[in-house]
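Every read-out reported here was derived from the displayed coordinates using simple, explicitly stated rules and does not represent laboratory data. Because the structure is predicted, anything quoted here is derived from the model rather than measured. Every residue, glycine among them, receives a Cβ derived from its backbone with ideal geometry; neighbour counts consider all protein chains shown.
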Amino acid sequence: MAFPNVSDIIATTIEQRSRKVADNVTKNNAILTRLNARGNVRPFGGGRIIYEELSFAENGNAGWYSGYDLLPVAAQDVISASQFDIKQAACPVTISGLEMLQNSGKEAFIDLLEARLNVAEATMANLVSGGLYSDGTGSGGKQLTGLGAAVPLDPTTNASYGGINQQTWTFWQNQRKDSANTTTLLADWNGLWASQVRGMDRPDLIMVDSSTWAAYTALLQAQQRFATPSVGEYGFPTLKFMDADVVLDGGIGGFCPPFTAFFLNTKYLFLRPHRDRNFVALNPQKRYAINQDAEVQIMGWAGNLTTSGRQFQGRWNGN
């Protein structure tokens, strides 16, 4: 006979695999791999929006003094926060009454469940990875607010990002460089990279599409093609520019826009999943179709990509 308590088994299995799913999603994308290595995958608790604290000015009390000079102690308003909506994603896992009958016995059912959960996990990984490049307007504004919004082609056009007006506050504008053709790529990358440097702060990850990857590799001398073990060991094709990893996110299933390179300082980028909605089974755990012989369990995720230093992010456009 059919294996009993199907919904409970699906929900329990999703719960048991939730950490594994989150890890696999992270490892599926070089950006998330770097954020995870930095400790920048930071779950949050309750609240209507996600806050990302940032400093926008220096402390005006700092200065030189001599002997008994009075030191300024005026209050300094130098800390603010960007604000991000909570975005949600889900992937239902279904099984019909006929399939339960056909897959009689525990082993047969677990095999079917394993196959469907593997598909659901891969689908969610691709959904989040694609969302990392979005501008948040997809699916009627429900999509993840990704690099398309954080590092846009023109940082002066839209009025605000993260609740901060980027036209009023120029520190909240990302860097950008256009290339007329690939012959100037290296010179343009040099200028873009330099515009993002502040002391020890500089880009550490450059995500490119297939066309940009081909153009960059063609400009390099053979002895300049250095890979980095820390990123390469995860299976991502990598080269170096300055001391930043250049990673291909093109080819089959790549999400990086064509003729684009994102110069990212991942110190100021964060993935903020909700601590209670990080690839887990949604409640109520038992869901039945009213007019169908089927049971459903939903794997869900909620959160967003945030940044606390937009001026340290850059985008190269080769179109």
Report, in listed order, any pair from LYS240/LYS267; LYS177/LYS267; LYS87/LYS267; LYS87/LYS240 with a Cα-Cα distance greater than 27 Å. LYS87/LYS240
Length added when fully stretched, GLU53-THR183, from 0.36 nm per residue minus Cα-Cα: 42.8 nm
With a/c under 1.5 counting as rounded, go ahead and sort the stretch 271-319 into rounded, prolate or oblate using the C-alpha gyration tensor (a ≥ b ≥ c being the square roots of the eigenvalues; past the cut-off, prolate if a/b is larger than b/c, else oblate). oblate
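Expected output is a single nm value to one decimal: the length gained when fully extending between ARG275 and GLN88, i.e. 0.36 nm times separation in residues minus the C-alpha distance. What is it? Spell out each step's value before the answer.
Details: separation 187, 0.36 × 187 = 67.32 nm, distance 1.30 nm.
Value of the extension gain: 66.0 nm.
In percent, what relative contact order does the stretch 157-216 have, based on Cα pairs under 8 Å that are 6 or more apart in sequence?
Details: 31 pairs, mean separation 11.7, N = 60.
Once normalised by length, the contact order is 20 percent.
Pull out a ≥ b ≥ c, the square roots of the eigenvalues of the alpha-carbon gyration tensor of the stretch 250-289, then state rounded if a/c is under 1.5, prolate if not and a/b is larger than b/c, and oblate in the remaining case.
On the way: a/c = 5.82, a/b = 1.84, b/c = 3.17.
Verdict is oblate for the stretch 250-289.
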What's the extension gain from ARG198 to ASN291 if we count 0.36 nm per residue and subtract their Cα-Cα distance? 27.3 nm
Rounded, prolate or oblate: which one fits the stretch 110-225, using the alpha carbon gyration tensor with axes a ≥ b ≥ c (rounded when a/c is under 1.5, else prolate when a/b beats b/c, else oblate)? oblate
At 7 Å along the Cα-to-beta-carbon direction for both GLN102 and PHE171, put a label point, then send me their distance in nm to one decimal. 6.1
How do SER139, SER210, SER82 rank when sorted from fewest to most other Cβ atoms within 10 Å of their own Cβ? SER139, SER210, SER82
